[in-house]
1. Regarding residue 168, is this residue touching a Pro at 6+ places or on another chain (Cβ under 6 Å) and either acidic (Asp, Glu) or in a helix (DSSP H, G or I) (or both)?
2. Residues of the stretch 88-97 being buried (at least 17 other Cβ atoms within 10 Å of the Cβ) and touching a residue at least 40 places away in the same chain (Cβ under 8 Å), which ones?
3. Mind telling me which of the residues 118, 176 ends up being at pLDDT 95 or above, part of a helix (DSSP H, G or I) and closer than 23 Å to residue 71 by Cβ?
4. Can you find a residue in the stretch 147-156 that is in contact (Cβ under 8 Å) with a residue 40 or more places away in the chain and either touching a strand residue (DSSP E or B) at 6+ places or on another chain (Cβ under 6 Å) or assigned to a helix (DSSP H, G or I) (or both)?
5. Return a yes/no flag: does the stretch 133-144 have any residue that is outside any strand (DSSP E or B), of a type in the set (A, V, I, L, M) and either free of Cβ contacts under 8 Å to residues at least 40 places away in the same chain or buried (at least 18 other Cβ atoms within 10 Å of the Cβ) (or both).
6. Within the stretch 73-87, how many residues turn out to be acidic (Asp, Glu) and crowded, with 19+ Cβ neighbours inside 10 Å?
7. From the residues in the stretch 145-180 that are of a type in the set (Ser, Thr, Tyr) and under 21 Å from residue 94 (Cα atoms), which one is surrounded by the most Cβ atoms within 10 Å (Cβ to Cβ)?
Amino acid sequence: MAQVIWTEPALLALNEIAEYLANRQSPRFGSSGSRSIRSYRTPGVSSKLRSNSTLFRLGGNCGINMLERIKHNAELVRKVAGEQLDVEVGYDLAGVKWLDGYTQRQFENDKTENVDGLVSTLGSYLGECIVQTYGGTWAHSDYGWCVEFSNGNAVFPFAKIEKHLRNGSDDSVLSLFETIPLVFGMES
């Protein structure tokens, strides 16, 4: 896999999306409340975000059901990765490897003051990667939104993203993704 060289404007593109999304009404994914949000500005991203009606924070009343919101947020990650970061990602192992690296860089650069926005967007993307790779389905449980498998097991992508953002590689999203077939006895 080619190494991606991250420029400051490219690194900030997803952070600006997270900031934009964090300013909208949000659900509770087990986070401890609101956080201060530092302003990130990348030329062209702000106007694109404000003019695109499909961009929204999970939660709130947008007239769209939660599953549609999750799918929109997951696609938003792919779109921004392609347009702003010049990285094409799919809903597969390669995409999760990119996500793992991106999340780790946010942790290492202490760019996690907008955790809620990142959790909503990146958690949606991680969940869609799990659904499309392992065949699970989105479900809401007593513990929040999860990807549930036919054998009754479930994973919680939003919680995993938040843990990785707060704890670094000790809570790697890639390790979760790669262990799903082993832990749940399924084929990828």
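The values are calculated or read from the model by the stated rules, or taken from the named source; none is laboratory data. The shown structure was predicted, so the numbers you read here are calculated from the model rather than taken from an experiment. Cβ atoms come from the backbone with ideal geometry, glycine included; neighbour counts cover every protein chain shown.
1. no
2. 91, 96
3. Sole residue among the options that is at pLDDT 95 or above, part of a helix (DSSP H, G or I) and closer than 23 Å to residue 71 by Cβ: 176.
4. No, every residue in the stretch 147-156 fails to be in contact (Cβ under 8 Å) with a residue 40 or more places away in the chain and either touching a strand residue (DSSP E or B) at 6+ places or on another chain (Cβ under 6 Å) or assigned to a helix (DSSP H, G or I) (or both).
5. Checked against the condition, which is being outside any strand (DSSP E or B), of a type in the set (A, V, I, L, M) and either free of Cβ contacts under 8 Å to residues at least 40 places away in the same chain or buried (at least 18 other Cβ atoms within 10 Å of the Cβ) (or both), the stretch 133-144 yields no hits at all.
6. Summing the residues that are acidic (Asp, Glu) and crowded, with 19+ Cβ neighbours inside 10 Å in the stretch 73-87 gives 0.
7. Within the stretch 145-180, the subset of a type in the set (Ser, Thr, Tyr) is 150, 169, 172, 175, 179.
Those left that are additionally under 21 Å from residue 94 (Cα atoms): 169, 172, 175, 179.
Details: 169: 14, 172: 18, 175: 13, 179: 11.
The extreme case among them is 172.
Yes or no, residue by residue, for (1) hydrophobic (A, V, I, L, M, F, W, C); (2) more than 22 Å from residue 166 (Cβ to Cβ):
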position: 84; (1), (2): no, yes
position: 87; (1), (2): yes, yes
position: 97; (1), (2): no, no
position: 121; (1), (2): no, no
position: 130; (1), (2): yes, no
